[in-house]
Structures are given as C-alpha cells and as structure tokens.
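Accompanying notes for the structure given below.
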Amino acid sequence: MLRAAAWATIVVVVAASEARTQTEELLARQAKLEDQIAALQQKLMAKEAAEEQGERQLSPGAVASKDDVTALKTCLDYMWLLICGALVMFMQAGFSVLEAGSCRAKTAGMILTKNVMDACVGTLVWYIWGYAFAYGAPENNVNEFMGHKHFAGSYMMTTEGSEKAITGTNHFKDWFFQWAFCATAATIVSGGVAERIRFEAYVVYSIVMTGIIYPIVVWWTWSGNGWLSIKGYSDFAGSGIVHLTGGIGALVGATIIKPRTGRFNPKDDDAPDRFDPHNLAFVVIGTFILWFGWYGFNCGSTLAFSDVGTATQAALVAMNTTISAATGGITLFILRLFRRQGKYDLAGMCNGILVGLVSVCAGVGDVMPWGALILGLLGAICHEIASITLEKLQVDDPLDAFAVHGAGGMIGLVMRPILDRTGAKGEMLGWNIVGLLVISAWSGVLSAAVFGIFRLFGKLRISEEEEEKGSDMMAQQLYRTTTMQKEVST
C-alpha cells in the first residue's frame, strides 16, 4: 500500500515537471514571436514614414505613384509652353531684321526703334489690362464679349499653409505664352505704315492694339467663354486671331496715312529701284528667324506635351508648318518669275514662305500634310492677288503686310474646315467666315479711329523734310543740334 502511494507520488511529480518545462518553452516561443511582430511593425512604420517624406527609393521594377505621374505631366506641360513662348518671343527679332532690311537704309534705325518699343509697351499693357480682357474669366458674371479679371496680375497665384507655399496655377505660363502672341499682332502693323508714320502715333496705336483690339478678339475665340468659340469657330494657331487682326490694321493704316512720297508718281530723275529693299541679307535672315520661331507659334498651340496624343499632334504640326512654308515660298517665287519677265525675286520668295506659315496656322493641327501643301499653295496665290490689287489701288504697303498676314489669314480660316482630316465641316466653315468678317470689322474700325484721329490733328505722318532725309538722319541731326547748343551755352 505504501509502495503504491510512493510510486503514484513519483509519477505526479515527473508529470508536473514536464508540464512546467513545456510551458516555459511555449512562453519563450511566444516572446520570440512577439519580438518578431514588433520588429516587423517597426519596419512597416519606417517604410510608411519614408514614403510620406518622399525618401523612398524605387527599385528598377517599382512603379511610381499616381501623384508622381501627375506632377511629372504638369511639369512637362509647363516646360513645353515656356520653351515655345520663348521661341515666339524670338520672332520679334525676325520681324525687326526683316522690316529694317525691306525698307530704305535711311529709315532702318527708326523702324528698329518702333519694334523694340512694341515689345516693351506691349508687355506692360498686356500685364496691366490686356490679359484680363483676353483670359480674365471670373467665377460669376462671365460674359461672351470680354474678360474682366486678373488686372495687373491679380488673383493669379494660389497658396496654402502659413508659409504661403505655391500650390500651382496655369495663369503664369498662359500669360507668358499669350503675351508673345500679342506682341506679334502689334508688330505686323508696323510694316504697313513703315517709313512715314510718326513715332508717337505708332506708340499710341500699339497700346490700343495690345490692350483692346487683340485681347478682345482672343476672348471671343480662345478663352473658351467667347461667343465665337461657343458657336463653333476654330482657329488652332491664329490665322484669324493674330494675323488677320494685324493684317487688317496694317491695311487700314497704310490707306489712311497715304503712300510714301514718289511711290506711285515718281519724278523723272528718280531711280526706278529706290523703294527696293536696301539689304536682302537682312530680309533672308529675318525670314529664317521667323520660320524658326513659328515652330513655337504653331507647335506650342497644342498647349500641352504630357501625353502621347498631344505629343503626336505637335509632331504633325511641325511637319505641316514646314511643308506649307516651303510650298508658299516656291509658289510665290514661280509667280513672280512670270510676273517680272524671268527676274528672280528673293524678297518675294521670303514673303511666300511667310504667307505659307500664316495660312496653315488655323488648321495646322487638324489637317494632313497634303492639306498643308494646299494651304501653302493657296496662300501664295492669295498673297499675289492682294499685292497686285493694292498696287493698282495705290495703297503703299512696304512689306506687303496685308498680303502676307491679312490675305493669308483669310484663306487659312476658310480652308481649315474644308481640309479637316476627318472630313469637311460645313457648320464650322460658316462660323469661320463669320469670324473672318467680325474680326476684320473690329480691327478695321478701331484702327481707323486711332489713325484717323491722329491724321485729323496733323500728327500722323512725318514731315516732308524728314521723309526726304530719312528718320534716322533727322533724329541724329536733332541730337547733334541739341548737343551743340549745350556746348555753346557752357
């Protein structure tokens, strides 16, 4: 009996010992698992913190986040417009050199002065109220005639936080890109009134063009809120909006200011070529600068470059621009060859290139390359018709500004719906013709008002003496006279 009890006690003690050992092992395993879980949690938290702070380095096979892709696309679009805007701005150099070379040497300095003043005055006007009229769409009270927000750059920037961090806005890039277009519209008119308009009269007209005429046309067409764009008017890069507006201004100015002395009624001792371009090298260099800048003008009008669709369209635009320019140059060269009894007209060929560039603008992103060839061909033909007509009417347009920009802009607007790559568009054709008429009337009436007022008060045209001696000589003589008077007085 005692022996049985002893054995039972031994068995119980051994079983209890084994149970305690197993319990200790289980507790040790549990503690180890908890440590592993804690370590994993710490790694996970560290990874999440690194992602939030932008410190995570992607491995070769990793995929960027959606926010990263969106930010990259935004930056690409901004860079695209800034580069293209700079190209368009460089066209000011092309216009300056072309105009100076196309006129007589005695007026070249004043012509260059007007072009430089154009850029400076146009910038300030565009900043103070021009952009507001063109793109200033308020949250409420939007009308179809003109914008009325963002005067002097107001309400353009969006910020957040106590440090006023910039969160992004489209207005800065849009202001810059569209400013370059605005300056172009004003410079076109300079060629039509060259060699006889008074400097102060031209400066006032430049203010009106960049501050009223052009910005309101832009609101009607490109802002997305204007009545023409709502109805169905389409003008990809500005055949009507930029070039027709400036071309009509040049035509009206040339008509009101009258021809240069001796242009259509030369004296017996006048040299027959005295109104020919004085420097063809300047003409050619200016034309190539403009052709180069036109890739910013047309390709940049895609307004984006961050997806395959817009990038492909930009490439199509570049191809169409090149084909139309070349076709226009060759066509006008051949036309002038027959018109001038086999004589080569280099300046005429340069104008053919320019009218090809103008005529393709409206549909440059919406026609096939064969359509661009047709536009260059028709643009050159319309240029020659306009040039001959103005000469018959004795309207003195020294650079054929209307023939290039006015006639080229008109044919571009009319042919854009007809040559559309998806098929002809009748309704668009109707509204493009309406736009052509309205833009011509708007630019023509306001231009006539400005030039007419100055002519009424005898302040539009330079004196006969200044025209005979040249604006450059008169300005130099005035400077020398003033300097000599000061020296005598001292």
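The values are calculated or read from the model by the stated rules, or taken from the named source; none is laboratory data. Because the structure is a prediction, the values reported are computed rather than measured. For neighbour counting, all protein chains shown are included, and Cβ atoms are generated from backbone atoms with ideal geometry for every residue, glycine included. SASA here: full protein model, heavy atoms, side chains in, ligands and nucleic acids out. Shrake-Rupley method; radii C 1.70, N 1.55, O 1.52, S 1.80 Å.
Somewhere in the stretch 269-279, is a residue open to solvent by 10 Å² or more (accessible area, probe 1.4 Å), assigned to a helix (DSSP H, G or I) and modelled with pLDDT of 90 or more?
No, the conditions are met nowhere in the stretch 269-279.
Can you name the residue in the stretch 346-366 that is more than 20 Å from the chain's Cα centre (by Cα) and not polar (S, T, N, Q) and, of all such residues, is nearest to Ile418 (Cα to Cα)?
Of everything passing the filter in the stretch 346-366, Gly352 is nearest to Ile418 (Cα to Cα).
Just name the residue that is modelled with the lowest pLDDT out of those in the stretch 96-154 that are within 21 Å of Pro277 (Cβ to Cβ) and acidic (Asp, Glu).
Asp118
Could you list, in sequence order, the residues of the stretch 443-457 that are open to solvent by 50 Å² or more (accessible area, probe 1.4 Å) and under 21 Å from Ser234 (Cα atoms)?
Within the stretch 443-457, none qualify.
Could you give me the residue pairs with C-beta distances under 7 Å whose first residue belongs to the stretch 67-87 and is farther than 19 Å from His171 by Cβ, whose second residue is open to solvent by less than 70 Å² (accessible area, probe 1.4 Å) and modelled with pLDDT of 90 or more wherever it lies, and which are 6+ apart or on separate chains?
Here the result reads Leu87/Gly293; Leu87/Tyr295; Leu87/Gly296, each pair linking the stretch 67-87 to a residue that is open to solvent by less than 70 Å² (accessible area, probe 1.4 Å) and modelled with pLDDT of 90 or more.
Residues are listed down the side, and each one gets a yes or a no for (1) of a type in the set (Lys, Arg); (2) open to solvent by 30 Å² or more (accessible area, probe 1.4 Å); (3) in contact with an Asp or Glu (Cβ under 9 Å, 6 or more places away or on another chain):
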position: Leu357; (1), (2), (3): no, no, no
position: Gly371; (1), (2), (3): no, no, yes
position: Thr389; (1), (2), (3): no, yes, no
position: Leu393; (1), (2), (3): no, yes, no
position: Arg421; (1), (2), (3): yes, yes, yes
position: Leu429; (1), (2), (3): no, yes, no
position: Gly435; (1), (2), (3): no, no, yes
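Could you list all residues from the stretch 141-154 that are more than 25 Å from Tyr233 (Cβ to Cβ) and open to solvent by 50 Å² or more (accessible area, probe 1.4 Å)?
Matches in the stretch 141-154: Phe151 only.
Would you call Lys73 open to solvent by 90 Å² or more (accessible area, probe 1.4 Å) and either at pLDDT below 75 or among the β-branched types (Val, Ile, Thr) (or both)?
no
What is the residue count in the stretch 239-267 for residues that are open to solvent by 30 Å² or more (accessible area, probe 1.4 Å) and assigned to a helix (DSSP H, G or I)? So that I can check it myself, show each step before the final result.
Pass one, the stretch 239-267, residues open to solvent by 30 Å² or more (accessible area, probe 1.4 Å): 251, 255-256, 258-259, 261, 263-267.
Narrowing the set further to residues that are assigned to a helix (DSSP H, G or I) leaves 251, 255-256.
Qualifying residue count, the stretch 239-267: 3.
Take the conditions farther than 17 Å from Phe288 by Cα, part of a helix (DSSP H, G or I) and not charged (D, E, K, R) and apply them to Phe333. Does it pass?
no
Which numbered condition in (1) among the aliphatic types (A, V, I, L, M); (2) closer than 16 Å to Val116 by Cα; (3) assigned to a helix (DSSP H, G or I) is the only one that Ala194 fails?
(3)
Consider Ile212 against the criteria (1) on the phi < 0 side of the Ramachandran plot; (2) surrounded by fewer than 17 Cβ atoms within 10 Å (Cβ to Cβ): it satisfies all of them except one. Which criterion is unmet?
Failed condition: (2).
Quick check on my filter: what residues within the stretch 290-308 are open to solvent by 50 Å² or more (accessible area, probe 1.4 Å) and either modelled with pLDDT under 95 or more than 25 Å from Gln92 (Cβ to Cβ) (or both)?
Across the stretch 290-308, the qualifying residues are Leu303, Phe305, Asp307, Val308.
What is the residue count in the stretch 155-174 for residues that are open to solvent by less than 50 Å² (accessible area, probe 1.4 Å), at pLDDT 85 or above and of a type outside the set (Lys, Arg)?
Residues that pass the stated criteria total 2.
Among the residues of the stretch 170-187, what is the count of those that are over 13 Å from the mean Cα position of the chain (by Cα) and part of a helix (DSSP H, G or I)?
Filtering the stretch 170-187 for residues over 13 Å from the mean Cα position of the chain (by Cα) gives 170-172, 186-187.
Right, trim to part of a helix (DSSP H, G or I) and you get 171-172, 186-187.
Adding up the residues that qualify gives 4.
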